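What follows is a short report on a single structure.
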Amino acid sequence: MRIALLGGTGDIGEGLALRFARDTSHEILIGSRDPEKARDAVAEYEDELETRGAQAEIKGFGNEMAADRADVVVLSVPPYYAGDTVEAVADSLDADSILVTPAVGMQGDEDGLHYHPPDAGSVTQLVAGRAPDDVPVVGAFHNLAADALSNLDNDLDLDTLVVADDDDAKETVLSVANEIEGLRALEAGPLANAAEVESVTPLVINIAKYNEGMHDVGVKWI
Ligand SMILES: NC(=O)c1ccc[n+]([C@@H]2O[C@H](COP(=O)([O-])OP(=O)(O)OC[C@H]3O[C@@H](n4cnc5c(N)ncnc54)[C@H](OP(=O)(O)O)[C@@H]3O)[C@@H](O)[C@H]2O)c1
């Protein structure tokens with residue numbers, strides 16, 4: 001399978017790219033608004049993997065080309081640009097694509113971060129509203145700290161919650177997420193449940209802020 005990370009030059013994109021490339025046999029495509037930036041990121045990720053003896057084929061493209069070539073398209077862009085990015089690549093998506101969003105709407109003040117969903121109810125639902133009607137949307141990876149993923153010395157022992165209305169798309173994302181070593185993907189219901197999943201993210205970040213040594217904290221449901 002081909003997995004594209006749009007905005008894969010950023011923090012969560014890097015973490016997911018490194019983990020997918022190291023732990024799975026899927027082809028990883030890094031997307032960027034600037035193809036050159038995508039190729040620079042690929043060189044960096046390949047270097048990082050090589051120093052650990054991992055061989056992986058990663059490719060860099062503009063976002064549209066990456067989306068066009070992929071089976072699973074992860075929108076690794078800031079939440080306020082998620083909708084516009086979906087529309088920018090809409091012609092590259094079809095009923096066989098799966099659009100995945102890890103984006104969370106948050107606002108910060110001196111106390112910490114607070115959940116700040118858009119009018120759609122959650123960023124995941126906003127993305128579903130902006131995606132072409134026949135493209136299934138899945139919410140996943142919301143509560144993972146990018147640094148926990150991109151530091152490959154860090155052994156993960158974390159869960160990620162997956163929401164979707166389309167059962168086949170949800171099953172595919174559960175399956176590829178479970179291929180990441182130390183990550184357990186749990187089903188959390190339909191897209192209507194996305195706000196509950198997203199709202200865990202500011203909680204996790206606040207715990208990281210207030211507790212020394214817990215910078216990369218995440219959630220394991222036991
Ligand atoms: N960071 C985390 O720990 C974490 C954890 C869980 C979920 N998330 C979610 O993952 C998403 C990405 O987070 P991040 O921390 O990786 O973000 P980021 O590093 O700030 O940005 C990711 C990429 O988004 C692209 N981008 C920036 N401005 C854009 C714009 N105006 N339009 C389209 N693309 C733009 C850039 O790629 P190009 O310049 O190459 O196009 C950038 O490298 C967010 O929605 C966040 O809520 C993040």
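What the table below lists for this structure:
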item: Selection status of residue 84, near the ligand (Cβ under 7 Å from one of its atoms) and more than 14 Å from the chain's Cα centre (by Cα); result: yes
item: From 99, 93, residue being closer than 28 Å to residue 154 by Cα and either more than 17 Å from the chain's Cα centre (by Cα) or more than 9 Å from the ligand (Cβ to nearest atom) (or both); result: 99
item: Residues of region 16-36 satisfying the condition of being within 7 Å of the ligand (Cβ to nearest atom) and buried (at least 16 other Cβ atoms within 10 Å of the Cβ); result: 32, 33
item: Close pairs from region 81-92: first farther than 19 Å from residue 106 by Cα, partner among the acidic types (Asp, Glu) and more than 10 Å from the ligand (Cβ to nearest atom), Cβ under 9 Å, at least 6 apart; result: 88/64; 89/64; 89/68; 91/64; 91/68; 92/64; 92/68
item: Any hit, region 170-180, residues being within 25 Å of residue 44 (Cβ to Cβ) and part of a loop (DSSP other than H, G, I, E, B); result: yes
item: Total residues in region 50-91, condition crowded, with 18+ Cβ neighbours inside 10 Å and touching a helix residue (DSSP H, G or I) at 6+ places or on another chain (Cβ under 8 Å); result: 23
item: Candidate set: region 139-168, residues that are among the aliphatic types (A, V, I, L, M) and within 13 Å of residue 127 (Cβ to Cβ); chosen: the one nearest to the ligand (Cβ to nearest atom); result: 140
item: Residue count for region 120-136, restricted to those that are of a type in the set (Val, Ile, Thr) and more than 14 Å from the ligand (Cβ to nearest atom); result: 1
item: Some residue of region 158-168 being modelled with pLDDT of 95 or more, under 23 Å from residue 77 (Cα atoms), out of contact with any Gly (no Cβ under 8 Å at 6 or more places or on another chain) and surrounded by fewer than 20 Cβ atoms within 10 Å (Cβ to Cβ); result: yes
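The values are calculated or read from the model by the stated rules, or taken from the named source; none is laboratory data. Note that the structure is predicted; figures quoted are calculated from it, not measured. When we count neighbours, we look across all protein chains shown, and the Cβ atoms used for this are built from the backbone with ideal geometry, even at glycine.
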